[in-house]
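**Student:** Would you mind keeping the following structure in view while I ask a few things?
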Amino acid sequence: MRTNFYDYLTLAFKVDPKIVIVLGDIGVHSLRECFEHDPKRIINIGICEQAMIDVCSGLADAGFHVVVHSIAPFVTERCYEQLKILAYERKSVVIVSVGGSYNYAKLGITHHCPADISILSKIPNMRVMTPITAESAIKFMEANFKIADLDTGKDDRVGSGPMYIRLEEQESNPLSPKVLNPDSRNGIVFILGRTVKDINKLKNINANIFVCETLSPSYDFYTTFPGKMYESKFKSYSPRVTVVEKCYQTDFLLNCCNEIGNINGLNRIGMECKFIDKYGSQDEIDKYLGLDDDSIYNKLKEIYGEINGN
Amino acid sequence: MTRQELTKHIIKCAYQNKAGHIPSALSILDIVMTMYNDILTKDDKFILSKGHGCLALYAVLWDKGYITEEQFYSFTQFDSILGGHPSSRKIPQVPLSTGSLGHGLPFAVGLAMAKKIKGEAGAVYCLIGDGEANEGSIWEAAAIAGHHSLNNLICIVDNNHSGDRALEIDYPNYNLRDKFRAFGFDIDSYCYNTNNLFYFSNTFSLYNTKPICRIAQTIKGYGCKLMESNPAWHHRQPKTEQELNELLESVY
């Protein structure tokens, strides 16, 4: 996903003269076409994340469409206060990370970031996006800049603000569905981002399954929250709701429940709030935490059963 | 083992486990060897703040008998004690889990202060990277160290002049010596790789009145001709046996 996002970003950089890219000493080689195209608008600022965010704030204040990029823990946890002020000031900086949760499995906990989504979602005006493809990511970015350009300041809910985009290591097949079993009345499963690598593996689970690229249900300028789309169906029964998220607990469950309204049971499949004391590969840690696709399937099967009646 | 032998083991280990920042480890290997062979006493502490150079530390710990060969070659495997950055919870010789840059020096300042409070002997050595010196926390720590005249603190800078970038950051007047001096450090003479082994005298002395900064002019990837100052190798490991053998043959 990262490589494809860089390609999209390079195209956007060439088309939009307001885009300024700020790099925290990563992605420099991959974005070399941007350096060649207009070196004034792409800056490798080095390893100074707190100052980096405030620099982005200044650039955004001057009217630029700012994209800032670094590894997840450093562009979220390390500069949290700066992000808070960025959001309060309503600066539409797009923060793009790689290495969320334990994507950098071999590098240990200093490079893990399972808390990024939950802590950033506690900042008002901060939009948190979990795209499953690079194409989604770039569309989110462009939409955020469009809102900033059109912002009249009158509507707090659709006003300007920073956006956090969490890139995964791999991306889903763009042809993968985001909704499975829409006619099931047995319950609802919401999957945050690319928690499940191959969503088609869940097609036999006897529940509505939705892949959500954001955890803000009211945030529908690009992604319509599925709950709203099927609201009339849900009113006639009380579904059991499960969220699946490969990170520390977020407000995803709460937000989903608020949209659904009358629910009949809650489940969460996700990371516990613990440090991961293993290295290895992401797949190995998925299995260790019970968050590989097969384990998720089995847990959902226990809750909802399978469509063929098992 | 000699530096060349340890260099080869570092490259082989990274190849075998498809992990590791090899050039960053090689630029500090001499320093870490000298620390463990000649400098550190039982009263001293050593913090590798630029944690991504940990393969150098692991190689030296193996050479000194603190870990086994099997443990060394288990680098970044699922149940290994040796990760891509060192963990204080898995390796007794590691005082702080580093990897996120800019934390080692403030921690070292705390250790140095603790020694002062308790009246303990010994020094605290902290090895940082020059890229790491971008971090504001380094200078916050330096300011504290200077203000409190922590003359039992020695900051060593691995000044290898590069990072994970094809285009070098070109900060004008990026002069670490002047900066550390301005923050109240005494600057040791520049130290160069000589005779294939990093050399500096143990100039730590009770007669120092200030913290010390030693700026080591190093070469990223030092000792492996194909890697030296080549940014493409920053976080890359050899992919094939042929590539591995070419790297090993270029070790000098």
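**Student:** Name the residues in region B:115-133 that are in contact with a helix residue (DSSP H, G or I) (Cβ under 9 Å, 6 or more places away or on another chain) and either more than 14 Å from every other protein chain (Cβ to nearest Cβ) or open to solvent by 10 Å² or more (accessible area, probe 1.4 Å) (or both), would you?
**Tutor:** B:E120, B:A121, B:G122, B:A123, B:V124, B:Y125, B:C126, B:L127, B:D130
**Student:** Identify, from the list A:I117, A:I85, the residue that is away from every other protein chain (no Cβ under 14 Å), in a helix (DSSP H, G or I) and open to solvent by 10 Å² or more (accessible area, probe 1.4 Å).
**Tutor:** Going through A:I117, A:I85 in turn, just one is away from every other protein chain (no Cβ under 14 Å), in a helix (DSSP H, G or I) and open to solvent by 10 Å² or more (accessible area, probe 1.4 Å): A:I85.
Listed here are the residues, each with its yes/no results for (1) free of Cβ contacts under 8 Å to residues at least 12 places away in the same chain; (2) under 30 Å from A:Y104 (Cα atoms); (3) touching a helix residue (DSSP H, G or I) at 6+ places or on another chain (Cβ under 9 Å); (4) surrounded by fewer than 21 Cβ atoms within 10 Å (Cβ to Cβ).
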{"site": "B:M1", "(1), (2), (3), (4)": "no, no, yes, yes"}
{"site": "B:E5", "(1), (2), (3), (4)": "yes, yes, yes, yes"}
{"site": "B:I10", "(1), (2), (3), (4)": "no, yes, yes, no"}
{"site": "B:C13", "(1), (2), (3), (4)": "no, yes, yes, no"}
{"site": "B:H21", "(1), (2), (3), (4)": "no, yes, yes, no"}
{"site": "B:L26", "(1), (2), (3), (4)": "no, yes, yes, no"}
{"site": "B:D30", "(1), (2), (3), (4)": "no, yes, yes, no"}
{"site": "B:L40", "(1), (2), (3), (4)": "no, no, no, yes"}
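**Student:** Might you check whether a residue that is within 14 Å of chain B (Cβ to nearest Cβ), among the hydrophobic types (A, V, I, L, M, F, W, C), crowded, with 18+ Cβ neighbours inside 10 Å and farther than 23 Å from B:G136 by Cα occurs anywhere in region A:61-68?
**Tutor:** No - not one qualifying residue is present in region A:61-68.
**Student:** Still on this structure, I have one more. For region B:84-99, give me the residue count where each residue is free of Cβ contacts under 8 Å to residues at least 24 places away in the same chain and open to solvent by less than 40 Å² (accessible area, probe 1.4 Å).
**Tutor:** 1
**Student:** Now, a different point. For region A:15-34, what are the residues that are hydrophobic (A, V, I, L, M, F, W, C) and closer than 16 Å to A:V68 by Cβ?
**Tutor:** Hits for region A:15-34 are A:I19, A:V20, A:I21, A:V22, A:L23, A:I26, A:V28, A:L31, A:C34.
**Student:** Is there a residue in region A:136-144 that is closer than 25 Å to A:A207 by Cβ and either in contact (Cβ under 8 Å) with a residue 40 or more places away in the chain or exposed (fewer than 15 other Cβ atoms within 10 Å of the Cβ) (or both)?
**Tutor:** Checked against the condition, which is being closer than 25 Å to A:A207 by Cβ and either in contact (Cβ under 8 Å) with a residue 40 or more places away in the chain or exposed (fewer than 15 other Cβ atoms within 10 Å of the Cβ) (or both), region A:136-144 yields at least one hit.
**Student:** For A:E89, state whether it is in contact with an Asp or Glu (Cβ under 9 Å, 6 or more places away or on another chain) and either polar (S, T, N, Q) or in contact (Cβ under 8 Å) with a residue 24 or more places away in the chain (or both).
**Tutor:** Here the answer is yes, as A:E89 does meet what is asked.
**Student:** What number of residues in region B:42-81 are within 14 Å of chain A (Cβ to nearest Cβ), open to solvent by 30 Å² or more (accessible area, probe 1.4 Å), part of a helix (DSSP H, G or I) and more than 25 Å from B:S137 (Cα to Cα)?
**Tutor:** Qualifying residue count, region B:42-81: 1.
Here is a yes/no grid of residues against (1) outside any loop (DSSP other than H, G, I, E, B); (2) of a type in the set (A, V, I, L, M); (3) within 12 Å of chain B (Cβ to nearest Cβ):
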residue: A:T3; (1), (2), (3): yes, no, no
residue: A:S30; (1), (2), (3): no, no, yes
residue: A:E36; (1), (2), (3): yes, no, yes
residue: A:A51; (1), (2), (3): yes, yes, yes
residue: A:C56; (1), (2), (3): yes, no, no
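The values are calculated or read from the model by the stated rules, or taken from the named source; none is laboratory data. Everything numeric in this text was worked out from a predicted model, so none of it was measured. Because the Cβ atoms are built from the backbone with ideal geometry, glycine has one as well, and the counts that use them run over all protein chains shown. The accessibility values were calculated without ligands, DNA or RNA, using every heavy atom of the protein model including side chains. Shrake-Rupley method; radii C 1.70, N 1.55, O 1.52, S 1.80 Å.
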